[in-house]
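One structure below.
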Amino acid sequence: MQIKEKMEVFRNFTIDVAKNKSEELITQYESSCKQEVEEFRQNKQKEMEHRIQIEERNIRRQVNSRISGEMLRQKHLLDECKRKWRKELSEQVKVLLAQYQDTEEYQKYLMAKIRMAKEVAGKEQVIIYINPSDEGRKAELEKLTEAELTVSSIDFGGGIRAVIRSRNILIDESFVTKLEQEETYL
């Protein structure tokens with residue numbers, strides 16, 4: 001073979017080796033690039049998921065804060081409604097009690113409570129108090145119940161109070177006390 005042919009063979013061989021080496025390097029580079037792209041994509045995916053979690057937590061906090069604020073506002077509103085309702089109910093009950101105290105049933109109620117106080121006292125001394133507003137009924141109640149009554153200096157809204165000092169007993173059948181007891185349950 002002549003030098004030219006040898007050179008041509010050497011040239012072709014060198015080109016083939018260079019092509020193979022080039023293809024191998026390109027394949028490695030592509031593989032490396034694909035791996036970097038995949039790592040970049042995975043990192044960005046994790047970063048986005050982390051951001052989403054942070055944003056989700058922030059949104060949940062904001063929603064919970066708003067819910068708490070609304071619940072507190074509604075509780076205050078409910079408490080205000082309850083206060084108004086209790087006040088109106090209390091006023092209505094007082095009006096109805098005032099009307100009731102002008103009836104025959106109220107006098108029967110007083111007589112029953114006076115008799116009950118006498119029965120509890122038995123033979124012991126009992127002081128039975130009636131409300132100052134019932135002073136006009138005192139004589140008739142004493143006559144009907146055969147009990148000595150005392151007009152209280154304190155207005156207790158109606159009903160009676162009785163004291164049995166020998167046994168340290170207070171019988172409180174006053175309307176003020178009954179109303180206070182009912183208001184604690186409202």
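The values are calculated or read from the model by the stated rules, or taken from the named source; none is laboratory data. Keep in mind the model is a prediction, meaning the values are calculated, not measured. For neighbour counting, all protein chains shown are included, and Cβ atoms are generated from backbone atoms with ideal geometry for every residue, glycine included.
Pairs only if they're at least six apart or on different chains, beta carbon under 8 angstrom, first in segment 145-169 and under 27 Å from Val93 (Cβ atoms), second part of a loop (DSSP other than H, G, I, E, B) and aliphatic (A, V, I, L, M); list them, first residue then second. Listed by first residue and then by second, the contacts come to Ala162/Val126; Val163/Val126. Take the residues of segment 110-119 that are in contact (Cβ under 8 Å) with a residue 12 or more places away in the chain and not basic (Lys, Arg): which is surrounded by the fewest Cβ atoms within 10 Å (Cβ to Cβ)? Going through the qualifying residues, I end up with Met116.
Phe13 falls short on exactly one of the conditions (1) under 30 Å from Val176 (Cβ atoms); (2) at pLDDT below 90, and that condition is (1).
Looking across segment 152-170, just one residue is under 23 Å from Gln99 (Cα atoms), out of contact with any strand residue (DSSP E or B) (no Cβ under 6 Å at 6 or more places or on another chain) and among the aliphatic types (A, V, I, L, M), and that is Ile154. Annotation: of all residues in segment 121-133 being touching a strand residue (DSSP E or B) at 6+ places or on another chain (Cβ under 8 Å) and surrounded by 14 or more Cβ atoms within 10 Å (Cβ to Cβ), the one that is modelled with the lowest pLDDT is Ala121. Within the set of pairs 6 or more residues apart or between chains, which connect a residue that is assigned to a helix (DSSP H, G or I) inside segment 70-90 to a residue that is hydrophobic (A, V, I, L, M, F, W, C) with Cβ atoms less than 6 Å apart? Pairs found: Arg86/Leu186.
Taking each residue of segment 170-186 that is under 19 Å from Ser133 (Cβ atoms) and looking for partners that are surrounded by 10 or more Cβ atoms within 10 Å (Cβ to Cβ) and among the aromatic types (Phe, Trp, Tyr) with beta-carbon atoms closer than 8 Å, six or more apart or interchain, yields Ser174/Phe156; Phe175/Phe156; Val176/Phe156; Thr177/Phe156. Checking the conditions here, which among Gly136, Gly157 is of a type in the set (Gly, Ala, Ser) and surrounded by 14 or more Cβ atoms within 10 Å (Cβ to Cβ)? Residue meeting the stated conditions: Gly157.
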